[in-house]
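Working notes, beginning with the structure itself.
Every number in this text was worked out from the coordinates using simple rules, so none of it is lab data. Just so it is clear, the structure is predicted and the values come from calculations on it, not from any experiment.
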Amino acid sequence: MFDEKDEKVVELFTNLGMPRNLAKTLMYVCQVDECRSTDIEQGADLRQPEVSVAMQELRRRGWVTKRNLKHKGKGRPVHVYRATTTLDEVLKTIEEEKLQEVEEIKENIEELKNTIATLNL
């Protein structure tokens, strides 16, 4: 389970637009060397489908890698996850994305002002 600082980090990532389950999964994975989905479920207090969706996004972004853990017998394969980045690097990426969004919003507002000024209303 997370302490107060961990919860604050999750809250702030969420305030920046990151889905809460993704923020919780990221927070957990960045605090351990390696983990399985069941570890994340217990440590981040999430359900299996929530972890699965979050891990897909974290892997898509390149923030986490997955490897198969070999085990004897039949059954479902066990995957082990490892963070490939730090929370600082994740924050830097999000900051760059948000600043780009702000620039796009500014450009759209300016274009809208110019277009409205040309209307004969």
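Its relative contact order, with pairs defined as Cα atoms under 8 Å and 6+ residues apart, puts the range 4-117 at 21 percent.
Considering only Cα atoms, the convex hull volume of the chain works out to 142 Å³ per residue. Determine the distance separating the Cα centre of the range 16-61 from the Cα centre of the range 95-121; give it in Å without decimals. Computed from Cα coordinates, the inter-centre distance equals 35 Å. If the chain linking Phe2 and Lys66 were pulled fully straight, counting 0.36 nm for each residue of separation and taking away their Cα-Cα distance, it would gain 20.7 nm.
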